[in-house]
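Reading through the C-alpha cells given below for one structure.
The values are calculated or read from the model by the stated rules, or taken from the named source; none is laboratory data. Keep in mind the model is a prediction, meaning the values are calculated, not measured. All Cβ positions, even for glycine, are placed from backbone atoms using ideal geometry, and neighbour counts span all protein chains on display. SASA here: full protein model, heavy atoms, side chains in, ligands and nucleic acids out. Shrake-Rupley method; radii C 1.70, N 1.55, O 1.52, S 1.80 Å.
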Amino acid sequence: HTTAGSLPVLPTKTDASVGARRPTSSSTGAMRVGVGATPSGTSGGNVTELFLTGGRYGFRSLSPDFKLGFVTASPFGQRVSNPTNFVGRYQSLTSSISDVQFALSGAYKINEQWSIGCGPVIDVFSARLTQELNLGALSTIAGDPVGEWHGRVVGLGFIVGFLLKASPACMFGV
C-alpha cells in the first residue's frame, strides 16, 4: 500500500541467531624440552572457555524481483586458557581467536526458476596467542618470560550465488 507522498511499504525481514561453542581439550603424553628434559606441571583439565557466536541477517524487497540483504556474523571463535604450570606452556598458555563477517548483497530474480545474488564481504580476524619461553639456564635464574603475539587482519572479498527453483517444494543453490 502507499500513502500520499511516500514510497510503497515493501516486505522486510530480519533474523538473529546465537550459538554457543564449548569444545573440550585434554593433554596426554610427555612434553620434551631439550634432550630428555620434561618440564614439571599439570596436564590440566578442560581449559577451553565457552564462546558465543551470533549473527544478524536481513533483507528488504526493493521490488518483486530485486532484494537487498545484509549479514553481520561471528562464524568462529575460540578461547583457551591454560594454567601457568601447564606442562605444555612452551606451546600455549592463552589462545583467543575471533572472526567477524560483514556482508551486503543484492539478489535479482531472473525468472520463476533462476535467481542470482552477489555482494562484498568484509572479514575481521583477530588472534592473541601467548606461551612461555624456555631460556634454558637463564630461566632457572629469572623464570620463564611469556611471549605474546597479537594480530588482526581485515579481508575484503566478494560472494556470488545462484538459486534454481526446480519446483515449488525444491530449490538448489550454489
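Using the heavy atoms of the protein chains alone and a 1.4 angstrom probe, what is the accessible area of region 65-171 per residue in square angstrom?
For region 65-171, the per-residue accessible area is 61 Å².
Contour minus end-to-end for LEU133 and ASP65, with contour as 0.36 nm per residue of separation and end-to-end as the Cα-Cα distance? Intermediate values should be presented prior to the final figure.
Numbers: separation 68, 0.36 × 68 = 24.48 nm, distance 5.97 nm.
Length difference between fully extended and current span is 18.5 nm.
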Taking R0 as 35 Å and r as the Cβ-Cβ distance between THR72 and ASN111, the FRET efficiency 1/(1 + (r/R0)^6), rounded to the nearest 0.05, comes to 0.65
Rounded to a whole %, the carbon-and-sulfur portion of the accessible area of region 120-160 at a 1.4 Å probe is 68 percent
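Take the solvent-accessible surface of the protein heavy atoms, probe 1.4 Å, and return the percent of it on region 41-87 that carbon and sulfur atoms account for. Can you show the working numbers first?
Numbers: 1540 of 2480 Å².
Carbon plus sulfur share of accessible area: 62 percent.
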Can you work out the Karplus-derived ³J(HN,Hα) for every residue in region 69-76? Use 6.51 cos²θ - 1.76 cosθ + 1.60 with θ = phi - 60°, whole Hz, and x for glycine or proline. x, 9, 8, 10, 9, 10, x, 8
Quick one: which residues, 5+ away or cross-chain, put their amide H under 5 Å from the amide H of TYR90? H built at 1.01 Å from N. GLU132
Roughly what would the spin-label model give for LYS13 and ARG152, points 7 Å off Cα along C-beta, in nm? 3.4 nm
If we count every other residue with Cβ under 15 angstrom of LEU156's Cβ, Lys/Arg +1 and Asp/Glu -1, where does the sum land? -1
Give the share of C-alpha pairs in each 10 angstrom bin for region 48-161, from 0 to the last occupied bin, in whole percents, shortest bins first. 12, 28, 21, 16, 12, 7, 3, 1
Karplus couplings for region 141-152 from phi (6.51 cos²θ - 1.76 cosθ + 1.60, θ = phi - 60°), rounded to Hz, Gly and Pro as x? 7, 10, x, 8, x, 9, x, 9, 10, 10, x, 8
Under 12 Å from the SER167 label point (7 Å along Cα→beta-carbon), backbone N, region 89-132: none
